[in-house]
Amino acid sequence: MACPANQTVELNQALLALDWLLGTWESDEPGEGNFPSIKPFHYIETLNFSHVGQPVINFTFNAFHAETKKPMHRECGFIRMQPGTNRVAFIIAQNSGLVEIEEGDLTGQQLNLQSQAVARTSFAREPYVQKISRVIQLRSDGRLEQSVSMATDNQPLMQHLHITYRRSS
């Protein structure tokens, strides 16, 4: 349940170090996706990071094909910080049937995350994703940049996605 529009909720103290993420971000140009088992593609994406005062940030990532604008990848979940540390956890559910927990460190305005657990539906497509790493950083030009690397049953960890965003709200 969202907070009423006329009520402002302060960001939980445990998350102040992540306040730079809050808001809506839209890709400023198409991102690039590639992996040996798929045809290279371009995509656009909107990210939304919000909170309701709890010690957790809610997020949604919505990607669309750059040319056709058809929906592609979706992720939603929560971001938590270990109190008193720079340790961060992303709890993520994807529309592909993949669920993961990524953990890592916050250094300044950069998150470096690696999957700690990956689970999938029993009828997920092969090859199965085995590992994901993600870097999200706020650049000096005010843009947000995200790189995602992936490993599967038959491919080692390698870059899969790269995109930059501008804040839209």
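The values are calculated or read from the model by the stated rules, or taken from the named source; none is laboratory data. On a predicted model such as this, the values are computed, not experimentally measured, just so you know. Glycine also receives a Cβ, built like all others from the backbone with ideal geometry; neighbour counts cover every protein chain displayed. The protein model used for the area step is the full one, side chains on, heavy atoms only, and it has no ligands, DNA or RNA in it. Shrake-Rupley method; radii C 1.70, N 1.55, O 1.52, S 1.80 Å.
Return the pairs, sorted by first residue and then second, in which the second residue is of a type in the set (Asp, Glu) and surrounded by 15 or more Cβ atoms within 10 Å (Cβ to Cβ), the first residue lies in the stretch 47-68 and is at pLDDT 95 or above, the beta carbons are less than 7 Å apart, and the residues are 6+ apart or on different chains.
Matching pairs, first to second residue: 61/45; 61/75; 62/45; 63/45.
Please verify whether the stretch 143-158 includes one or more residues that are under 19 Å from residue 30 (Cβ atoms), in contact with a Phe, Trp or Tyr (Cβ under 6 Å, 6 or more places away or on another chain) and small (Gly, Ala, Ser).
no
Of all residues in the stretch 149-169, count the ones that are of a type in the set (Gly, Ala, Ser), assigned to a strand (DSSP E or B) and open to solvent by 60 Å² or more (accessible area, probe 1.4 Å). Explain how you work it out, then say what you get.
As a first pass, look at the stretch 149-169 and keep what is of a type in the set (Gly, Ala, Ser): 149, 151, 168-169.
Next, from what is left, pick out any that are assigned to a strand (DSSP E or B): 149, 151.
Right, trim to open to solvent by 60 Å² or more (accessible area, probe 1.4 Å) and you get none.
Of the residues in that region, 0 qualify.
Quick test for you: out of 118, 52, 99, 56, pick the one residue that is out of contact with any Ser or Thr (no Cβ under 7 Å at 6 or more places or on another chain), open to solvent by 30 Å² or more (accessible area, probe 1.4 Å), of a type outside the set (D, E, K, R) and under 24 Å from residue 20 (Cβ atoms).
52
Can you name every residue in the stretch 124-138 that is under 18 Å from residue 156 (Cα atoms) and part of a strand (DSSP E or B)?
Those that are under 18 Å from residue 156 (Cα atoms) and part of a strand (DSSP E or B): 129, 130, 131, 132, 133, 134, 135.
Give the residues of the stretch 121-142 that are within 30 Å of residue 83 (Cβ to Cβ) and either charged (D, E, K, R) or open to solvent by 60 Å² or more (accessible area, probe 1.4 Å) (or both), sorted by residue number.
Result: 131, 134, 139, 140.
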